[in-house]
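Written out below as structure tokens is the structure these notes cover.
The values are calculated or read from the model by the stated rules, or taken from the named source; none is laboratory data. Please read these numbers as outputs of a predicted model, since none were measured by experiment. Cβ sites come from the backbone with ideal geometry, for glycine too, and all protein chains shown count toward neighbours.
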Amino acid sequence: MRLIGTAGHIDHGKSTLVQALTGVHPSRLPEERARGMTIDLGYAHLDHPDGHRLGVVDVPGHEKLVKNMVAGATGFELALWVVDARESVMPQSREHLHILELLGVRALMPVITKAAVATAEQIERTERDVASLVSDVALPVLASHVVDSVSGAGIAELKRAIFAATRDQPADDDAPPYLAIDRAFSVKGVGTVVTGTLVRGTLAEGDEVVVTSAPGTWRVRALTNHHARVARIGAGHRVGVNLAGLHADDVRRGDVLVSPAHPYRARRVNARLRWTPDAPRAWKHGAPLLFHAGCLEVECRLWGTEEADGASWAQLELSREACFFPGQRFILRGGTPLATVGGGEILDLAPDRPRRVTMAERAAYVARARGDECLSVYHAAAGATVLDLAALARRWMVAEDTLRRDVARSASLRLLTPDGPLAWSTSAATAARERLRRWLDAEPRDEHAVPYERVARELRLPPAHVQAVMRALLAADAESASRLRLDGAAAVVHPGRVELAPEDQRLADALLARLRREWLKPSTVDAYRELLPAPRGALDRVVARLCEAGRLVRVSRDLVLHADAARALRNAPAHYGLDAVRAAEFGQALGLTRKHGIPYLEFLNREGIMRRAGDVHHRVR
């Protein structure tokens, strides 16, 4: 544990307490010293007996400076909640307590100050008020302390309690770095320095980083922690970062410093919410609020709020894009007068349109928070055929390789292809294969192209990934692959392979070759019995098998066409502009006699391509 700080009402002795603990007065602005009031964040440090150093942050207590308080309290692992023994709990005492709870600080230690100038009755009343208020707080609450920062009474005991609660612990150093910037300034001979709390990850000299509002990539020239230069620093520390080439004017409070590979930026986020006890319970759809996360303060709107799974869920639309990390805590303020009304955790980056948080998104969040296998949970709840790991990695703000490892460990999911970004379940793959076979059985047997949009609709596949899914299906299903191939713009259904005896195969080859040559003017089946000598019944058997496989199309009882010729016949009315024709006009357009023209028109009517009304055949549009 490396960062502690104060919270509480204005003029309750927070800065004086920090000075008593550390020997350093945290007020750094002349205006603060002149007015005796903390305006911005103040910093000091406290050396722990076990050798590590605690950063101490002093936050302002005035209601108009709550944004600065939120910025300072982000990253606290121990909060010293300061209450004046004479005044007891005041409005900002309550609001700061709500904020600490919503930000999820690791532990809370109530500190009652100004004991030397308070009566015993006042101290006793304040202790009762403090105990009552913290009894309902969803945080670990440590024993309270009564101190006087001016005389030093109780400070030694308080310091020992702080040390006992802040033994060094491993931090979230494996995550990508995320530094919430609260200041940027130039130092002569050094260049631009940005300061803030490293909320997660590590930084080292020589690292390449980006700052959200400053286009470009910047090199970390030097790092400082409590005025001492360090080569490397981990999460939970205050840090100054000297960035080569960056101008201080290009940085604004609320920016974050992250690695170039950190892609998690959005204007809309899905979130799990908690409301303060005295907040209005019904915020209108689209209600305007102020969103605070770290040093960021932006306007936001609330969409699709609903109660489910024992929590409130909503989508937040920010006035500008911001950079987030998984589970990031935030505060919401609103109403008149402006007050803290709630806060929560970032669930994931939301789509581009306002909507409610889905059951699948909620289930995945809960599973991730428990450390369970969230991909399988999300897949089952979403009813999705395919999971796009690249898209989910961005939405959930994790590395794609992390999700690929989750798939490898999953008992129910597998990758479509070893190197691809898509995953699905064994049951989804089996269902998709069965739908594909049923669809192919229902399609015309002659060769024809089907747009991928229709394939996606028929097989209930995600349109964006239909080709990848089809390739995986065909690679695993030889039966379907024998009847379908994938071209650039469409899937092509083609006749399947026909297994024939050698003598029947020779007859089939001869018949197919003859029908291709004769095209739309073939002989009758009876005539082919004379033209292609074969044992009795062989021709009928071969014709039936070829029609079944889609290599031939039966137009009438005694007339068949090669599949390619049948496709040309189906396209003829549109190709020749035959919107309304009589039989003679149809035959003349295609160069046919009545022997072929009449059966072809009847075939087109049966196929729904033409529709007869009296002597006229109309093209169905």
task = Inspect all residues belonging to the stretch 412-429 and state whether any of them is more than 26 Å from the chain's Cα centre (by Cα) and among the basic types (Lys, Arg).
result = no
inquiry  = Quick check on the stretch 48-64. Is at least one of its residues modelled with pLDDT under 75 and crowded, with 23+ Cβ neighbours inside 10 Å?
reply    = yes
query = Is there any pair with a first residue in the stretch 402-413 that is aromatic (Phe, Trp, Tyr) and modelled with pLDDT under 85 and a second that is loosely packed, with under 15 Cβ neighbours inside 10 Å and assigned to a helix (DSSP H, G or I) whose Cβ atoms are under 9 Å apart and which are 6 or more apart or on different chains, and what are they?
reply = none
query = If you check His575 against the conditions, is it part of a helix (DSSP H, G or I) and in contact with a Pro (Cβ under 9 Å, 6 or more places away or on another chain)?
reply = no
remark   = For Ala279, the lone unmet condition from (1) outside any strand (DSSP E or B); (2) over 30 Å from Val134 (Cβ atoms) is (2)
query = Applying the selection to the stretch 435-468, what residues are modelled with pLDDT of 90 or more and among the acidic types (Asp, Glu)?
reply = Glu453, Glu458
note = For helices (runs of 4 or more DSSP H) lying entirely in the stretch 370-416, having 2 or more residues that are surrounded by 19 or more Cβ atoms within 10 Å (Cβ to Cβ), in contact with a Lys or Arg (Cβ under 8 Å, 6 or more places away or on another chain) and not assigned by TED's automatic domain parsing to the domain that holds Leu349 picks out 389-396
query = Are any residues in the stretch 103-151 small (Gly, Ala, Ser) and touching a residue at least 60 places away in the same chain (Cβ under 8 Å), and if so, which ones?
reply = Gly104, Ser149
inquiry  = Only one of Ala308, Ala380 is more than 30 Å from Gln467 (Cβ to Cβ) and either at pLDDT below 80 or under 15 Å from the mean Cα position of the chain (by Cα) (or both). Can you tell me which?
reply    = Ala308
message = Exactly one of these conditions fails for Pro288: (1) under 21 Å from the mean Cα position of the chain (by Cα); (2) part of a strand (DSSP E or B); (3) not aliphatic (A, V, I, L, M). Give me its number.
response = (1)
remark   = When Gly496 is run through (1) modelled with pLDDT of 90 or more; (2) part of a loop (DSSP other than H, G, I, E, B); (3) among the small types (Gly, Ala, Ser), the failure sits at (1)
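The rows are residues; the columns are (1) outside the structural domain of His596 (by TED's automatic domain parsing); (2) in contact with a helix residue (DSSP H, G or I) (Cβ under 8 Å, 6 or more places away or on another chain); (3) buried (at least 17 other Cβ atoms within 10 Å of the Cβ).
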| residue | (1), (2), (3) |
| --- | --- |
| Leu511 | no, yes, yes |
| Leu515 | no, yes, yes |
| Leu531 | no, yes, no |
| Ala544 | no, no, no |
task = Evaluate the stretch 145-164: report whether one residue or more is assigned to a strand (DSSP E or B), touching a strand residue (DSSP E or B) at 6+ places or on another chain (Cβ under 8 Å), acidic (Asp, Glu) and not assigned by TED's automatic domain parsing to the domain that holds Ala293.
result = no
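For the stretch 152-162, how many residues are in contact (Cβ under 8 Å) with a residue 40 or more places away in the chain and surrounded by 15 or more Cβ atoms within 10 Å (Cβ to Cβ)?
The qualifying residues number 5.
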ask   = Among the residues of the stretch 296-340, which ones are among the aromatic types (Phe, Trp, Tyr), more than 15 Å from His285 (Cα to Cα) and touching an Asp or Glu at 6+ places or on another chain (Cβ under 8 Å)?
value = Phe330
query = Given the structure, is Phe330 in contact with a strand residue (DSSP E or B) (Cβ under 9 Å, 6 or more places away or on another chain), assigned to a loop (DSSP other than H, G, I, E, B) and either hydrophobic (A, V, I, L, M, F, W, C) or buried (at least 17 other Cβ atoms within 10 Å of the Cβ) (or both)?
reply = no
ask   = Quick check: anything in the stretch 136-151 loosely packed, with under 15 Cβ neighbours inside 10 Å and within 30 Å of Glu400 (Cβ to Cβ)?
value = no
task = May I ask you to list the residues in the stretch 66-113 that are surrounded by fewer than 24 Cβ atoms within 10 Å (Cβ to Cβ) and part of a loop (DSSP other than H, G, I, E, B)?
result = Glu77, Arg86, Glu87, Ser88, Val89, Met90, Gly104, Arg106
task = Return yes when Ala442 is in contact with a strand residue (DSSP E or B) (Cβ under 9 Å, 6 or more places away or on another chain) and either surrounded by fewer than 16 Cβ atoms within 10 Å (Cβ to Cβ) or farther than 27 Å from Leu604 by Cα (or both) and no when it is not.
result = no
message = I'd like the full set of residues that are in contact with an Asp or Glu (Cβ under 9 Å, 6 or more places away or on another chain), of a type outside the set (A, V, I, L, M, F, W, C) and part of a helix (DSSP H, G or I), limited to the stretch 519-572.
response = Asp526, Arg529, Arg541, Arg545, Asp564, Arg567, Arg570
query = Taking the stretch 591-600 on its own, how many of its residues are surrounded by fewer than 20 Cβ atoms within 10 Å (Cβ to Cβ) and assigned to a helix (DSSP H, G or I)?
reply = 4
remark   = Those residues of the stretch 214-235 which are farther than 16 Å from Ala204 by Cβ and not in a strand (DSSP E or B) amount to His226, His227
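Listed here are the residues, each with its yes/no results for (1) modelled with pLDDT of 90 or more; (2) basic (Lys, Arg); (3) in contact with a strand residue (DSSP E or B) (Cβ under 8 Å, 6 or more places away or on another chain); (4) assigned to a strand (DSSP E or B).
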site: Arg167; (1), (2), (3), (4): no, yes, no, no
site: Leu179; (1), (2), (3), (4): yes, no, yes, yes
site: Arg183; (1), (2), (3), (4): no, yes, yes, yes
site: Leu203; (1), (2), (3), (4): yes, no, yes, yes
